[in-house]
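What follows is a single structure, written as structure tokens, with notes after it.
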Amino acid sequence: MLAMGAWVHAINFVYPPRCVACGEPLAIHSAGSVCARCLGRAEPLAVPACSICAAALSPHAAQRPQARCHRCEQEPASFRRVVAITSYRSAAEDERESLPALIRRHKYGFDQTLARALAEFLPATLPLECDDYDMVVPVPLHWRRLWRRGFNQSALLAAEVAKRLGLTLELAGLRRIRHTKAQTARDQAERERNVRRAFAVRYPRRFQNRRILLVDDVVTTGATADECARTLLEAGARYIDVFALARVP
């Protein structure tokens, strides 16, 4: 019986693998879906960044206590902090080869197989401490959007994060009870209004005094994550941190 590595090599020999981003051939022994060049094009987060929401800061704002952006100083978020891996932009010359393009293909192209490819952009060691959390919770989709798309991209990412941290993945407790319009092209105030009271907790006891890692694929303004966190705090959670693959600068 062939070992897993041998199976991968045999399959790749029959069906030569190509990078899902740029289409260039991958090595026959490759177990990944994204080439090293495309992985290397993912840009790191802007520096300096807000210590709460991870938004890019001006050099002047970076001198403020705890390096917070104006919004986080004026209106504290319901979550403690945002931890993101990359910036939602890319150094790729061809936009089709960028991380944002892969994320959009995953969500709006209904390509569930790209979840594995996106997980390859996560570092081997996540910048998180498993002892800081009791569970991992994905940002939920409304049932209509979930039915149309066939999967929740945040839940697929959350499953990978929970696996790496050795934490419980909670999928049923937080739900989206109102079908909201897409957040794209909306400003901060519109985004906040759009998601206000859009979430609810189904099993409050599961969250009482729990330390929660909320996972989303992309954080733009933080409005959705903030509303999820507020809902979880009302259910008795101790605190919520947000983890995202990408953060819009």
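Of the helices (runs of 4 or more DSSP H) that lie entirely inside region 1-118, those containing 2 or more residues that are modelled with pLDDT of 85 or more and among the hydrophobic types (A, V, I, L, M, F, W, C) span 36-40, 99-108. Restricting attention to region 170-182, does a residue exist that is more than 19 Å from the chain's Cα centre (by Cα) and part of a strand (DSSP E or B)? No, region 170-182 contains no residue that is more than 19 Å from the chain's Cα centre (by Cα) and part of a strand (DSSP E or B). All conditions in (1) touching a Gly at 6+ places or on another chain (Cβ under 7 Å); (2) surrounded by fewer than 19 Cβ atoms within 10 Å (Cβ to Cβ); (3) not aliphatic (A, V, I, L, M) hold for Arg206, with the sole exception of (2).
Hey, any hits in region 224-232 for a residue that's touching a Ser or Thr at 6+ places or on another chain (Cβ under 6 Å), of a type in the set (Asp, Glu) and touching a residue at least 60 places away in the same chain (Cβ under 8 Å)? Lay out the reasoning, then the answer.
In the first step, residues of region 224-232 are kept if they are touching a Ser or Thr at 6+ places or on another chain (Cβ under 6 Å); the result is 226, 229-230.
Okay, now just the ones that are also of a type in the set (Asp, Glu), so 226.
The next check asks that each one be touching a residue at least 60 places away in the same chain (Cβ under 8 Å); those that pass are 226.
There is at least one residue in region 224-232 that is touching a Ser or Thr at 6+ places or on another chain (Cβ under 6 Å), of a type in the set (Asp, Glu) and touching a residue at least 60 places away in the same chain (Cβ under 8 Å).
A single entry from Leu156, Leu114, Leu128, Leu141 fulfils the requirement of being buried (at least 16 other Cβ atoms within 10 Å of the Cβ) and under 24 Å from Leu57 (Cα atoms): Leu128. Do we find a residue being in contact with a Cys (Cβ under 6 Å, 6 or more places away or on another chain) and not in a helix (DSSP H, G or I) anywhere in region 140-155? Among the residues of region 140-155, not one is in contact with a Cys (Cβ under 6 Å, 6 or more places away or on another chain) and not in a helix (DSSP H, G or I), which makes the answer no.
Screening Ala235 with (1) buried (at least 24 other Cβ atoms within 10 Å of the Cβ); (2) touching a helix residue (DSSP H, G or I) at 6+ places or on another chain (Cβ under 6 Å) gives one miss only, at (1).
Just the residues that are in contact with a Phe, Trp or Tyr (Cβ under 7 Å, 6 or more places away or on another chain) and more than 12 Å from Val20 (Cα to Cα), please, taken from region 99-128.
Pro100, Gln112, Leu128
Of all residues in region 198-216, those satisfying the criterion of being of a type outside the set (A, V, I, L, M, F, W, C) and touching a Lys or Arg at 6+ places or on another chain (Cβ under 7 Å) are Arg202, Asn209, Arg210, Arg211.
The values are calculated or read from the model by the stated rules, or taken from the named source; none is laboratory data. Remember, it's a predicted structure, so these values are computed and weren't measured experimentally. So basically every Cβ, Gly included, is an ideal-geometry build from the backbone, and we count neighbours across all protein chains shown.
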